[in-house]
Amino acid sequence: MKELIDAIKSGNTSTLSAPGVKVYGSSFTQIGNTSVVMVRTEAGKRLVAVGESDLFNQLNGEVVDGAKVAPLTHENRLTLNQFLPYTAPQAFGTQVATMGLGDRLGIASPGHIQTIRGKDIRPVLAQQSIRELALTGRTYEDVLDAAAYAVFQEGYKDGYGADGDHLKKEEDIEYALRLGFTMLTLDCSENIDNTIETLSADEVAVKYAVLPAGLREHYEKRYLETPANVPGAALNYTREALQKDVLIYDAAINFMEAIYRKYIATLDRAVDFEISIDETATPTSPEAHYLVANELRDRGVTIFSMAPRFCGEFQKGIDYIGDIAQFERELASHAAIAVHFEYKLSIHSGSDKFSVFPLIGQYTKGLFHIKTAGTNWLEAVRVVAKVNPSLYRRMHQFALDHFTEATAYYHVTTDINAIVPLAEVADADLPNYMEENNARQLLHITYGLLLQAKNADGSKQFAEEFFRTMTEQEDVFAEGLRHHIGRHLELLGK
Ligand SMILES: O=C(O)[C@@H](O)[C@@H](O)[C@H](O)C(=O)CO
């Protein structure tokens, strides 16, 4: 420790080292007369601060040889945010592309930062849905702490966002905003009436006829009597389709407006407000997208991005499934609508959609928001498959045994019978499972069950060994992310 403290004092980052201690040189920062650096000792990651100041005094930790050695606690993260504003999340607005890099493990952000640094796109590092928190047993505090510490570790000063993803309930919105989340993704699926899609045209007309006359007139005037004029979008409202769209989306639009007025318009700081209408039974037509956006604008609701459900399938962790020509036609309209209303098109379940990334980059002219999450977990699984075959085999078998249970959380079309049996695969070939869609989805949707699985004595069945392995292999993990997420960025034109 003495050598390390001397190096910190001298401010010569190239000499920062100490036996048995890993020093994250990029983290070295000086404010006033205090220098801080992140290290990893046998006890885990620590901040080491040298030089008395308010920052030094406020960090909670042990004083060793005159240096403060502070663990990566929530309180210490708040202190870092106070003294080093780049470690706190920020909103980005609509003029720069953004990428959600959901990190369910709290260990992926360093690799994400290394991938995105210097590119014309900003990372939303702290992005988790309530579903993910429930499945991993984490809190939004944990998520934000991990992202902020990664930003400090990497010395990344270009800004990162924090997205309360797929929020449906007011209590969750309040929770995320209270902690300083800078993006809010409002999931409107519970206010979207999907049953309408199952009705015949006559049934739709009967249901529509009982809506208040003023409401019907409002919609008919705006969409049947006045043609929508959005350059680049093919919009054609028929009476039948309009009736359906009104029945499906009217309550959702009221919900979006109410949340906006109560939580976003009243905030004294910027928040990137995203509307998600993607977790629904059927694709969002460009006409429905335009209608929702146009109604919001009319009501004075300003949004940062909108996530429609595209045609075809955007399943988690695998490439696009569907007719790429049709996707391209509809994407052109969705992108034109977003440009018209001056927000970004948001692509959910954006992990691994390699065959459509170039189209997304092209039609949005490089201004999009894209969300990934599962693929980052799968990169961690790939590391385990490479370096700890025994753990991989146990996790894989557990996933097979619990697959049906896991389908309650995610929609996938996995054929588990098509997965090559473990007994037929040599250790060296285990990472190949991460190249095969059925195995990817098997491991993707079971992440929560795997991370929370317990032995009879209450200890974690996999999590401890998994995190130990990942700590030892943190550079390998970061390299895998640079390669895999780097491929996403390249195809998106970034
Ligand atoms: O799994 C989740 O709940 C989230 O990661 C996703 O739904 C997220 O919005 C996403 O699309 C990530 O690809």
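The values are calculated or read from the model by the stated rules, or taken from the named source; none is laboratory data. Given the structure is predicted, the values throughout are model-derived calculations rather than measurements. Neighbour counts are summed over all protein chains in view; Cβ atoms, including those assigned to glycine, are modelled from backbone coordinates with ideal geometry. When the accessible area is computed, the model is the full protein with side chains, heavy atoms only, and any ligands, DNA or RNA have been set aside. Shrake-Rupley method; radii C 1.70, N 1.55, O 1.52, S 1.80 Å.
Some notes on this structure:
- Of all residue pairs spaced 6 or more apart or on separate chains, those with beta-carbon atoms under 7 Å, a first member in segment 257-283 that is touching a residue at least 60 places away in the same chain (Cβ under 8 Å) and under 25 Å from Asp245 (Cβ atoms) and a second member that is assigned to a helix (DSSP H, G or I) and within 16 Å of the ligand (Cβ to nearest atom) are Ile259/Ile173; Glu279/Ser189; Thr280/Ser189.
- Where helices (runs of 4 or more DSSP H) fall entirely within segment 326-410, those with at least 1 residues that are over 19 Å from Glu279 (Cβ atoms) and touching a strand residue (DSSP E or B) at 6+ places or on another chain (Cβ under 8 Å) are at 357-363, 374-387.
- Single match in Lys168, Lys221 (criterion: free of Cβ contacts under 8 Å to residues at least 40 places away in the same chain and within 16 Å of the ligand (Cβ to nearest atom)): Lys168
- Identity of the residue in segment 342-361, open to solvent by 10 Å² or more (accessible area, probe 1.4 Å) and hydrophobic (A, V, I, L, M, F, W, C), that ends up nearest to Met306 (Cα to Cα): Leu359
- Counting only helices (runs of 4 or more DSSP H) wholly contained in segment 1-86, the ones carrying 1 or more residues that are closer than 13 Å to Phe152 by Cα occupy 74-83.
- Residues in segment 305-332 that are within 14 Å of Thr364 (Cα to Cα) and open to solvent by 10 Å² or more (accessible area, probe 1.4 Å): Glu328, Arg329, Glu330, Ala332.
This table checks each residue for (1) polar (S, T, N, Q); (2) more than 16 Å from the ligand (Cβ to nearest atom).
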site	(1), (2)
Ser333	yes, yes
Glu342	no, yes
Pro358	no, yes
Ala380	no, no
Ser390	yes, yes
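- Taken over segment 404-424, the criterion of being aliphatic (A, V, I, L, M), closer than 10 Å to Gln441 by Cβ and within 14 Å of the ligand (Cβ to nearest atom) is satisfied by Ala406, Val412.
- One residue from Arg131, Arg46 being more than 20 Å from Leu481 (Cα to Cα), within 16 Å of the ligand (Cβ to nearest atom) and in contact (Cβ under 8 Å) with a residue 12 or more places away in the chain: Arg131
- Qualifying residue in segment 72-80 (condition: over 30 Å from Thr372 (Cβ atoms), buried (at least 17 other Cβ atoms within 10 Å of the Cβ) and at pLDDT below 95): no
- Only listed residue being surrounded by fewer than 19 Cβ atoms within 10 Å (Cβ to Cβ) and touching a helix residue (DSSP H, G or I) at 6+ places or on another chain (Cβ under 6 Å), chosen from Ala7, Ala49, Ala18: Ala18
- Looking only at residues in segment 260-286 that are open to solvent by 30 Å² or more (accessible area, probe 1.4 Å) and in contact with a helix residue (DSSP H, G or I) (Cβ under 6 Å, 6 or more places away or on another chain), the one that is nearest to the ligand (Cβ to nearest atom) is Glu279.
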